[in-house]
Amino acid sequence: MYQQYLPGNHHDNRLLFRGLIFLLLIAVITSCRSDEQSKNLASTPRVESVPETEDFYQEIANDIGLEFIHSIGAAEMENIVESVGGGAAFLDYDQDGFMDIFTCSGTWVEGFSKTKPENSKGHNHLYKNLGNGTFQDVSEEAGIKTFIYSMGITVGDIDNDGYPDIFLSNHGKNTLYLNLGDGSFKDISSKAGVEGGEDCSVGAVWFDFDNDGFLDLYVGNYLNFDPEYDYYYAPDGFPGPLAYDSQKDVLYKNNGNNTFIDVTEKMGIIDIDGRAMGVGAADYDDDGFVDIYVANDHTVNYLWHNDQGKGFTDLGTLSGTGFSQAGEATVSMSVDFADYNNDEKLDIFISDDNYCSLYENIGDGIFKDNSYASGISMASGQFVGWSSSFLDHDNDGDADIFKTNGELKHLYGQEDQLFDNVGDGIFKDTSLDLGPYFKEENVGRGACMGDYDNDGDLDIFVVNLNGASKFLRNNKGNENNWILLDLEGSKSNRDGIGSRIRIQCGDHIQTGQKKSTTGYLSQNDPRMHFGLSENEVIDRIEINWPSGALQVLENIRVNQILKIEEPL
C-alpha cells in the first residue's frame, strides 16, 4: 500500500508558502482561541523566504530561524571530552510532513570544566519546521530544554506508535525521550534502563538486531575522563584519548514495553580497548540481519557481524575494515554505508584525522580500501574529518560524500568538503564550485542531510563546535528528477529501519538501506532519497522488509514523496 505526495519546485513551494502564511494570519486575527503556543507559532515574525542565489548551496541558517550556537560548556577548550560533541538530526517529531531539527549541546558542569563561560546555560534545541521555509525554537514547549552535557542523537520509534523517540548520548547519564504525540516528550531514561551510569557515551544507533519488530540500541562509550590528569605534551593543549582508560560499549534489547535489558555479554560483544566515536548499523552482507560498525579513536575499529540475531562476532580485521590502507589504527570519527559504485553491495566510508577510508564491498564479507584510488585521500589529507555522509546532492543517481572538518584539540576552523561521484569509482572535490560557504573555516563536528522544504533535493545542517550552526539550502539538485520513500513497517519495526531498497530505471539500479544514525553523532532525514537523473518513470521498486516480506512496486512516477506501508 502506498500514498503519493507531489511537491512542486522551489518557486511553486514559495507561492504555496505565501498563501499558507496569508491564511494563517487571517485565522490568528479572527480567532479568539487562548492557545498560547498556537499564538506564538503563528505570530512570531519570520523571513517568509530567502531569495535564491546562483550558488548550488546557499547558507541561510540565521535567515530561517536556525540560530543555534553550540557550547562546549567552558570559556576555553580544555579537555578531550569538550572536543568531541555536537550532533544533530532531521526528524518529523509532530508528523506534519515537514522535517524538524534537533541539535545537541554541551553545558557548564561544575568540576568538569575549569573556565566558566559567560553563557553557562547551553542546552539542546528542538526547532519546529513551520512549513513556510522557516523554523521555530520549541525546546521549552517540547520539554527537552534541560541542562545536560549531550554529545549525539539517534532517533527511532521504540514503541511503534508512529511518533519518533529520541536517545541522547551524554557525558554522564544518557537520556531517552518518549514522544507523547502531542508535541512534547517525556524523559523515561531511568525506567527504560538505558541511562548507563556515569559513562561518557558518544555514538549510538537504533536497529532491530533480532528482527522482532522492536528497535534495539547500541551505545558506544568513549573513555573514563579524569579532570585532574594533567600529564601531556603542552602544545596539544590537553591529554589525548590514550591517556585515559576506555569504556565498554553496551547493547540494549528492546523488551517491547518501553524498557530495555543489557545483553552485551550475552550477545558476545567484548569491547576490550575501544574508544567509540561514531557508530552505524547496516546489513553489509545482505543476510537479513543488521550488523554494527564502531569507529574507534586511535584503536582498531569494530565490525560486529550479526549472527542471525543470536550473537555478534567482530570481523573488523578479517573483513579489511579494522585498519586504514596503511595498516594502522586511525583517529576514526564517523561511519556511513552506501552503494557508491552501484554493484548492489553496501560500501563503507570512514572519516578520520587525515586520509579517510573508502571501503569497497567486494563480496563474501571482504572489503578493499579504495581511499587513494578514488581520489579522496589526497584531497582529505590536510583536514581533520568528522561527520561524513553519503548523499546524492545533484540527483544524478549516484552517491556523493559530504564531510565536515575541524581541528582536533583547538578551536581552529577548516573548510568542509563535498566529493562528487564522477563514476568508475572516482570522486572529485568540487566544494569550491558549489558556493562561498565552502571557503569558510569552521570547527565542524556533526551534520545531518534532509529535504527541509520537500522540493526533492538534500539540504545540509552543520553543527560547529562552540560556534554558530550553518544551514546549506540546496538550490539546484532538483534540476534532476528524484523520489523520497517514506517507509512504514507493520510486522517490521514502524520506521522500517533495516529495510533494503532496490530501485531500477532502465538498466540503472540503485541499492540502499534504511538506517538511523548516519555520520558523526547525527541522523539524516528518515525518508529515503534517491536521485533519478533524467528518468521520468521508475520501472521497479523492491523493498525487502526486516520481517522478510518482499514488496514490489512498478511504473512509479518520479518527483514525489511516496508513503509505502509494509503489507500485512
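Only Lys, Arg, Asp and Glu carry charge here, each on its Cβ (+1 for the first two, -1 for the last two); on that basis region 250-322 has a dipole of about 240 debye about its Cα centre. Restricting the calculation to Cα atoms, every distinct pair contributes to the Kirkwood radius of region 146-205, found to be 11.7 Å. Taking every alpha-carbon pair under 8 Å whose residues sit at least 6 apart, the chain reaches a relative contact order of 15 percent. If you wrap region 414-530 in the convex hull of its Cα atoms and look at it from every side, the mean projected area works out to 8.9 nm².
To put it simply, the accessible area of the chain at a 1.4 Å probe is 49 percent carbon and sulfur. When the convex hull of its Cα atoms is viewed from all sides, region 173-229 shows a mean projected area of 5.4 nm². Computed on region 424-521, with alpha-carbon pairs under 8 angstrom and 6+ residues apart, the relative contact order is 18 percent. Counted over the chain, the DSSP beta bridges are approximately 95% antiparallel. Relative to the globular-protein estimate of 2.2 N^0.38 Å, the Cα radius of gyration of region 502-553 stands at 1.32. Here the sum of -39500 (n - 2.57) over DSSP H runs of 4 or more residues, divided by the residues of the chain, equals -2000 deg cm²/dmol at 222 nm, to the nearest 500. According to the Kirkwood relation over distinct C-alpha pairs, the hydrodynamic radius of region 124-236 is 15.8 Å. Taking all protein chains as shown and a probe of 1.4 angstrom, residue 328 keeps an accessible surface of around 110 Å². Each 10 Å bin from zero up to the one holding the largest Cα-Cα distance in the chain carries the following percent of pairs: 4, 19, 31, 29, 14, 3, 0. Taken over the Cα atoms of region 196-333, the convex hull encloses 111 Å³ per residue. Based on Cα contacts under 8 Å between residues 6+ apart, region 317-475 shows a relative contact order of 16 percent. In the full protein context, region 459-568 carries 31 Å² of accessible surface per residue, based on a 1.4 Å probe and ignoring ligands, DNA and RNA.
Per the Debye calculation on region 331-474 with a single equal scatterer at every Cα and no solvent contribution, log₁₀ I(q)/I(0) for q = 0.10, 0.12, 0.18 Å⁻¹ amounts to -0.31, -0.45, -1.02.
The values are calculated or read from the model by the stated rules, or taken from the named source; none is laboratory data. Model, not experiment: these values are computed from the prediction. For neighbour counting, all protein chains shown are included, and Cβ atoms are generated from backbone atoms with ideal geometry for every residue, glycine included. All accessible areas refer to the heavy atoms of the entire protein, side chains included, with ligands and DNA or RNA removed. Shrake-Rupley method; radii C 1.70, N 1.55, O 1.52, S 1.80 Å.
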